[in-house]
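Chemist: The structure is given below, and queries will be raised subsequently.
The values are calculated or read from the model by the stated rules, or taken from the named source; none is laboratory data. Since we're looking at a predicted model, the values are computed, not measured. We place every Cβ from the backbone using ideal geometry, glycine too, and count neighbours over all the protein chains shown. All accessible areas refer to the heavy atoms of the entire protein, side chains included, with ligands and DNA or RNA removed. Shrake-Rupley method; radii C 1.70, N 1.55, O 1.52, S 1.80 Å.
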Amino acid sequence: MGSHSESESEREIWKAMEVAEGARGDNSSSHVLQSSSLTLDTSLSLPDLTPSLIELCKDLFKKWSRLDDSSFSVETVSGGITNLLLKVSVKEEDGNEVPVTVRLYGPNTDYVINRERELQAIKYLSAAGFGAKLLGVFQNGMVQSFINARTLIPQDMREPKLAAEIAKQLHKFHRVDIPGSKEPQLWNDIFKFYENASTLHFDDIEKRKKYETILFKEVYNEVVEIKELTDLLNAPVVFAHNDLLSGNLMLNEDEEKLYIIDFEYGSYSYRGYDIGNHFNEYAGYDCDYSLYPSKDEQYHFFRHYLQPDKPHEVSDKDLEALYIETNTYMLVSHLIWALWALIQAKMSPIDFDYLGYFFLRYDEFKRQKEKACSLARSYLSGQESR
């Protein structure tokens with residue numbers, strides 16, 4: 001069994017390297033991607049994890065292999081739901097201090113994240129100036145350059161100056177060309193999540209009772225109905241971030257520089273989905289959807305997204321079209337994260353009420369559905385009669 005899983009894991013690491021190497025294309029000489037076959041135990045506390053983190057850094061970066069362990073210091077940057085970010089500071093022989101970020105994938109996150117797709121995208125996004133530079137990959141994570149900035153909190157995102165900057169950056173992000181299929185993945189992902197989420201079995205009796213109250217046939221019909229409606233909107237297909245919450249936005253206040261980070265869920269998708277999903281995140285960690293942006297706040301964002309250089313020249317027609325598109329796809333965002341939560345409820349060791357989160361998102365979908373769908377339908381019938 002041991003040797004089988006080892007060759008399996010070695011294959012994975014080679015695949016990861018190939019994807020990342022292949023993505024780099026012609027400038028490969030300027031920066032060699034390092035790789036290690038080590039796996040870090042994500043269940044350990046930071047002090048217990050530190051020795052293997054140091055071993056990993058020495059294994060990946062030969063110039064650090066002879067440094068004393070006391071030259072390394074480790075701190076937690078943030079713990080996302082699907083990964084843990086750590087900062088490792090290394091005092092080199094010349095006294096220089098070099099910081100790197102180690103990202104540890106959460107256990108069992110491969111059920112909801114396509115790591116190959118992520119590695120492929122990181123290379124091109126990083127070349128276009130997004131996120132941190134990828135320095136190395138290991139069995140269950142990656143090492144990236146350190147970004148000197150603070151992570152945003154939900155209420156930052158609605159601050160007009162920052163909202164305009166996020167919109168501008170997202171405009172640029174959506175224009176990055178990632179080689180390979182440009183086929184939107186949103187519905188493939190939703191139907192895959194649905195398939196996994198609707199066939200789970202919980203040993204925990206309380207969880208099982210809650211899970212058995214879900215009417216999956218109803219959920220499926222909702223997905224199909226909203227797909228048919230959004231298809232009529234002909235939304236542009238872009239390379240989307242798909243998880244633009246405050247934790248994936250960083251700001252260096254001195255340089256007034258905003259960073260979009262963490263492309264775990266990135267894929268080709270629909271423009272309005274990425275923006276609608278971002279607006280849902282205004283609700284913050286407590287899911288207070290009364291904080292969803294007003295029409296005026298949305299129009300402010302759209303102007304800077306559609307024409308970053310001349311926001312005030314955006315036509316009413318374009319604003320209305322993006323408003324309808326965004327607020328219809330906002331519904332899809334509730335559905336996909338609701339289904340995602342069910343898979344996490346089964347797979348994730350993180351102590352979080354994922355089943356409760358399913359109901360939070362699904363109930364909000366049902367609350368918003370009538371208004372958003374009738375807006376979209378009357379907009380579409382208006383288009384036809386023009």
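Chemist: Taking 2.2 N^0.38 Å as the expected size of a compact globular protein, what ratio does the Cα radius of gyration of region 229-323 give against it, to two decimals?
Modeler: So region 229-323 has a normalised radius of gyration of 1.15.
Chemist: Could you bin all the Cα-Cα distances of region 284-343 into 5 Å bins starting at 0 and give me the percent of pairs in each, rounded to whole numbers?
Modeler: All Cα pairs, binned at 5 Å, distribute as 4, 15, 21, 20, 15, 12, 8, 3, 1 percent.
Chemist: Starting from 0 in steps of 10 Å, tell me what percent of the Cα-Cα pairs of region 34-87 lands in each bin.
Modeler: For region 34-87, the pair-distance distribution reads 22, 54, 23, 1.
Chemist: Largest first and in whole Å, give the semi-axes of region 178-225's equivalent ellipsoid, each being the square root of 5 times a Cα gyration tensor eigenvalue.
Modeler: One finds semi-axes of 29, 14, 6 Å for region 178-225.
Chemist: Please compute the per residue accessible area over region 271-365 with all protein chains in place, 1.4 Å probe, rounded to a whole number of Å².
Modeler: Numbers: 3560 Å² over 95 residues.
Ligands and nucleic acids excluded, the figure is 38 Å² per residue.
Chemist: With all protein chains present, how much of the accessible area of region 282-371 (probe radius 1.4 Å) comes from carbon and sulfur, to the nearest whole percent? Let's see the in-between values first.
Modeler: On the way: 2020 of 4090 Å².
Whole-percent figure for carbon plus sulfur exposure: 49.
Chemist: Calculate how steeply helix 46-60 sits against the longest principal axis of the alpha-carbon atoms of the chain, using the helix alpha-carbon long axis, and give the answer as 0 to 90 degrees to the nearest 10.
Modeler: Once rounded, the angle reads 80 degrees.
Chemist: Another one. Could you list the square roots of 5 times each eigenvalue of the Cα gyration tensor of region 88-151, that is, the equivalent ellipsoid semi-axes, sorted largest first and rounded to whole Å?
Modeler: Largest first, region 88-151 gives 24, 15, 11 Å.
Chemist: Taking a probe of 1.4 Å, how large is the accessible area per residue of region 114-176, in Å²?
Modeler: Value returned for region 114-176: 39 Å² of accessible area per residue.
Chemist: Continuing with this model, one more query. Looking at region 104-254, I'd like the Rg to Rh ratio, where Rg is from alpha-carbon atoms and Rh is Kirkwood's inverse mean 1/r.
Modeler: On the way: Rg = 18.8 Å, Rh = 18.8 Å.
That ratio equals 1.00.
Chemist: Right, here's the next one. With +1 on the Cβ of every Lys and Arg and -1 on the Cβ of every Asp and Glu, and nothing else charged, how large is the dipole of the chain about its Cα centre, in debye rounded to the nearest 20? Numbers along the way, then the final one.
Modeler: Working: 42 positive and 62 negative charges, 155 e Å.
Magnitude of the dipole: close to 740 debye.
Chemist: Next question, about the same structure. If you line up the long axis of helix 115-127 against the longest principal axis of the chain, both from Cα atoms, how many degrees apart are they, to the nearest 10?
Modeler: On a 0 to 90 degree scale, this one is about 90.
Chemist: So, in Å, what gap is there between the alpha-carbon centers of region 227-295 and region 143-220?
Modeler: 9 Å
Chemist: Calculate the dipole size of region 242-380 relative to its Cα centre from +1 charges on Lys and Arg beta carbons and -1 charges on Asp and Glu beta carbons; express the result in debye to the nearest 20.
Modeler: In debye, rounded to 20, region 242-380 gives about 800.
Chemist: Search the structure for amide H atoms under 5 Å from the amide H of residue 137, placed 1.01 Å from N in the peptide plane, and list their residues when 5 or more places away or on another chain.
Modeler: 34, 35, 36, 143
Chemist: Mind telling me which of 309, 243, 156 comes out most flexible in a GNM of the chain, alpha-carbon contacts under 10 Å?
Modeler: Looking only at 309, 243, 156, the biggest GNM fluctuation is shown by 309.
Chemist: Please work out, to two decimal places, the log10 of the ratio I(q)/I(0) at q = 0.22, 0.27 Å⁻¹ from a Debye calculation in which every Cα of region 54-122 carries one identical scatterer.
Modeler: The Cα Debye sum returns log10 ratios of -0.97, -1.16.
Chemist: Please give the Cα centre distance for region 34-99 versus region 311-334, rounded to the nearest Å.
Modeler: Taking the Cα centre of each part, region 34-99 and region 311-334 sit 44 Å apart.
Chemist: Separate question: Round to the nearest 10 and give me the degree value, 0 to 90, for the angle of helix 295-306's Cα axis relative to the longest principal axis of the chain.
Modeler: Roughly 60 degrees between the two axes.
Chemist: Shape verdict for region 246-386, please, from the Cα gyration tensor: rounded (a/c under 1.5), prolate (a/b greater than b/c) or oblate.
Modeler: The shape class here is oblate.
Chemist: For region 69-193, what are Rg and Dmax over the alpha carbons, in angstrom?
Modeler: 17.1, 54
Chemist: If you plug each phi of region 144-156 into the Karplus form 6.51 cos²θ - 1.76 cosθ + 1.60 with θ = phi - 60°, what whole-Hz ³J(HN,Hα) values come out, in order, with x for Gly and Pro?
Modeler: In residue order, the calculated couplings are 10, 5, 8, 9, 8, 6, 9, 6, 5, 10, x, 5, 4 Hz.
Chemist: Going toward the positive end of the dipole of region 263-386, with +1 on Lys and Arg Cβ and -1 on Asp and Glu Cβ, which of 289, 365, 350 do you reach last?
Modeler: The residue sitting most towards the positive pole is 365.
Chemist: Let me ask something additional. For the chain, with equal point scatterers placed on the C-alpha atoms only and solvent neglected, what are the log10 I(q)/I(0) values from the Debye formula at q = 0.09 1/Å, to two decimals?
Modeler: At q = 0.09 Å⁻¹ the computed log10 ratios are -0.57.
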